[in-house]
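The values are calculated or read from the model by the stated rules, or taken from the named source; none is laboratory data. This one's a predicted model, so the numbers in the text were calculated from it and none came from an experiment. Note that we place each Cβ from the backbone using ideal geometry, even for glycine, and neighbour counts take in every protein chain shown.
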């Protein structure tokens, strides 16, 4: 293994942590209708667990309502059951053709709770970044110990890994701050 391979691996893991943060934060409800709220819903479609996006079209005709229109009308009841099981905090209304989900406005207390959840998600993913840094530094030390790279090269790699850590930690901070602002906006 080369030093460049170590850096590439570390950077890939850090990018995954950032994208994981974005994906988890997208599922947090902000008081506005967003199809991302239903990303976790898995429907039992003819005996196979299937993501909701694959069995229905999800749209937002206005900022307060989600409309789930199944591709197969026979799966309407299964979709409704899956949404109820997912515990998204909203009740689906089935009219026989589509399922409508009204997104209620958030209370101040609920907003504060969501901000705490956002901070926890961000911190968990920053821990993943720090773990990637630790693994990368250990790999670089091993390369130095095995005389694959020089001591100077090892120091440069340590600095590069630290810069990557700072860069991706800052990205997570920016993403979470943006989501916190979105949640706290009434």
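Can you go through 41, 67, 55 and tell me which one is in contact with a strand residue (DSSP E or B) (Cβ under 8 Å, 6 or more places away or on another chain), buried (at least 16 other Cβ atoms within 10 Å of the Cβ) and either at positive phi or touching a residue at least 40 places away in the same chain (Cβ under 8 Å) (or both)?
The unique qualifying residue is 41.
So, of the residues in the range 13-48 that are modelled with pLDDT of 85 or more and out of contact with any helix residue (DSSP H, G or I) (no Cβ under 9 Å at 6 or more places or on another chain), which turns out to be nearest to residue 132 (Cα to Cα)?
19
For the range 105-125, how many residues meet the condition of being assigned to a helix (DSSP H, G or I) and surrounded by fewer than 19 Cβ atoms within 10 Å (Cβ to Cβ)?
Here the count works out to 13.
Could you tell me whether the range 85-98 includes any residue that is part of a strand (DSSP E or B), without any contact (Cβ under 8 Å) to a residue 12 or more places away in the chain and touching a strand residue (DSSP E or B) at 6+ places or on another chain (Cβ under 6 Å)?
yes
For the structure I just gave you, tell me whether residue 16 is assigned to a helix (DSSP H, G or I), over 18 Å from residue 88 (Cα atoms) and either under 20 Å from the mean Cα position of the chain (by Cα) or not assigned by TED's automatic domain parsing to the domain that holds residue 178 (or both).
Against the criterion (assigned to a helix (DSSP H, G or I), over 18 Å from residue 88 (Cα atoms) and either under 20 Å from the mean Cα position of the chain (by Cα) or not assigned by TED's automatic domain parsing to the domain that holds residue 178 (or both)), residue 16 qualifies.
Looking at this structure, is residue 77 over 30 Å from residue 2 (Cβ atoms), surrounded by 14 or more Cβ atoms within 10 Å (Cβ to Cβ), touching a residue at least 12 places away in the same chain (Cβ under 8 Å) and not assigned by TED's automatic domain parsing to the domain that holds residue 175?
Answer is no for this residue.
Please find, among 175, 183, the residue that is touching a helix residue (DSSP H, G or I) at 6+ places or on another chain (Cβ under 8 Å), closer than 29 Å to residue 29 by Cα and at pLDDT below 90.
Criteria check complete, one pass: 183.
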